[in-house]
Every structure is written in structure tokens, then in C-alpha cells.
1. With a point put 7 Å past each Cα toward its Cβ, work out how far S69 is from D160 in nm, to one decimal.
2. Tell me, what is the percent relative contact order of the stretch 27-87, built from C-alpha pairs under 8 Å that lie six or more residues apart?
3. Would the stretch 82-125 count as rounded, prolate or oblate if I go by the C-alpha gyration tensor, calling it rounded below 1.5 in a/c and otherwise prolate when a/b exceeds b/c, oblate otherwise?
4. Whole-Å semi-axes of the chain's equivalent ellipsoid, largest first, each the root of 5 times a Cα gyration tensor eigenvalue?
5. Given a cut-off of under 8 Å on Cα pairs at least six residues apart, what relative contact order in percent is computed for the stretch 62-171?
6. For the chain, build the charge dipole from Cβ charges (+1 Lys, Arg; -1 Asp, Glu) around the Cα centre, then report which of G13, A76, A86 sits farthest towards its positive end.
7. Given a 1.4 angstrom probe, I'd like the percentage of the accessible area of the stretch 25-91 that is carbon and sulfur, rounded to a whole number.
8. Write down the accessible area per residue of the stretch 61-171 in Å², having rolled a 1.4 Å probe over the full set of protein chains.
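The values are calculated or read from the model by the stated rules, or taken from the named source; none is laboratory data. These numbers were taken from a predicted model, which means no experiment stands behind them. Neighbour counts are summed over all protein chains in view; Cβ atoms, including those assigned to glycine, are modelled from backbone coordinates with ideal geometry. These area figures cover heavy atoms from the full protein model, side chains too; ligands, DNA and RNA do not enter into them. Shrake-Rupley method; radii C 1.70, N 1.55, O 1.52, S 1.80 Å.
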Amino acid sequence: MSHVLLIGFMGSGKSTVGRLLAKRLALPFVDLDKRIEQDSGVTVSELFAAEGEQAFRERERSALEALESEPDSVVACGGGVVVVDANRATLRTLGTVIYLRVSAGEALARIGDTTTRPLLAGPGAGIAATALMQARESLYVAAADIVIDTESKDKAAVVDEVLAALDEVAR
Ligand code: S3P
């Protein structure tokens with residue numbers, strides 16, 4: 001099993017970089033949040049509002065595990081995938097895990113309108129982002145085979161760095 005899995009905070013560029021990377025590697029692209037939305041028929045925000053975060057995490061866990069029986073692909077995971085212990089083990093078995101690192105400040109600036117991110121919606125988004133990042137940074141690092149710093153970099157440069165790093169681990 002050798003998917004390429006992108007993890008990292010909301011706004012780290014997982015979806016954009018993932019789509020570009022999939023093209024360069026000639027692999028299918030999977031956006032895990034979009035999968036969950038397709039399977040449930042509602043948006044992630046609606047799921048959080050209707051069922052709460054725990055239920056969303058359960059859906060996310062199943063969507064991640066389902067990749068075990070799918071052809072190799074580039075996968076953009078949701079920013080919180082690493083908070084569930086079982087997911088970090090699943091990520092390892094699925095393939096190569098790449099952490100796209102970004103600061104909370106730059107992540108917020110990239111996201112702009114946070115209304116589609118339930119954990120950052122409302123006032124206090126800056127405080128929430130900083131607290132979440134502090135709680136998660138070590139989990140992202142623990143789950144990753146490769147860490148790419150994306151701060152102040154454009155997406156094309158990040159894709160090139162990811163490809164070079166993948167080449168390196170394949171040697
Ligand atoms: C979340 C990140 C979101 C989405 C949900 C929860 C998180 O995905 O899964 O809102 O806990 O960080 P993105 O990282 O793609 O925004």
C-alpha cells in the first residue's frame with residue numbers, strides 16, 4: 001500500500017498541493033473531507049453542527065481506513081486526522097505521510113473566511129488556531145515521514161520540494 005498522504009493544519013495547502021502533486025505523479029487525488037461530504041450528503045460544517053466533532057472524527061476514521069482497499073493515490077487529509085490515535089497508525093500503514101508545516105498566523109491569513117472551518121468559526125479564531133496548533137504540532141511530526149516547511153512559499157515550490165523529498169526516501 002503506497003498512498004501519498006498530506007497532513008497539516010487547516011490552510012497548510014493540503015488540497016491545492018495534493019491536486020498538483022497527483023498530476024505530477026499521475027495518481028488519482030482524494031480529498032478526505034470531500035469524501036466525507038459525498039458519503040454523508042452534507043458539508044463538514046453541517047456535520048459538526050448536527051452531530052458534533054466526535055461523530056465527525058468517526059466518519060473521518062472510516063474514510064481513512066477505506067483507503068486501505070483503494071488504488072494508490074495522493075490524499076489530502078483533514079487537519080484533525082492526527083488527533084485520533086488509531087488514525088496515526090493507519091496513516092503509517094497506508095503509505096508515505098507528508099506534513100505540510102505552516103504557522104497558525106499564516107494559516108489563518110491563507111484561509112481568510114473561517115466560516116467553513118467549524119473549529120475556527122466565530123470570534124477568537126486567532127486564539128483557537130494558536131491553541132489547536134500547539135496541541136497538534138507534535139502529533140503531526142510523530143505521524144510524518146517527511147516534514148515540509150511551507151511558510152511564505154508558493155504552492156508550486158512546495159510541490160517541487162515534496163517531489164524531491166519523495167525521491168530521496170525512495171532511494
Ligand atoms: C479540521 C480540519 C478541516 C475539516 C474539519 C476539521 C480540523 O479540514 O476536516 O473542519 O480539525 O483541523 P482542512 O484541514 O482541510 O481544512
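1. Once both label points are built, they end up 4.2 nm from each other.
2. Numbers: 47 pairs, mean separation 31.8, N = 61.
Value for the stretch 27-87: 52 percent.
3. prolate
4. Details: eigenvalues 110, 77, 42 Å².
They are 23, 20, 14 Å, listed from largest to smallest.
5. Details: 81 pairs, mean separation 34.3, N = 110.
So the answer I get is 31 percent.
6. The one lying farthest along the dipole's positive direction is G13.
7. 50 percent
8. I get 46 Å² per residue for the stretch 61-171.
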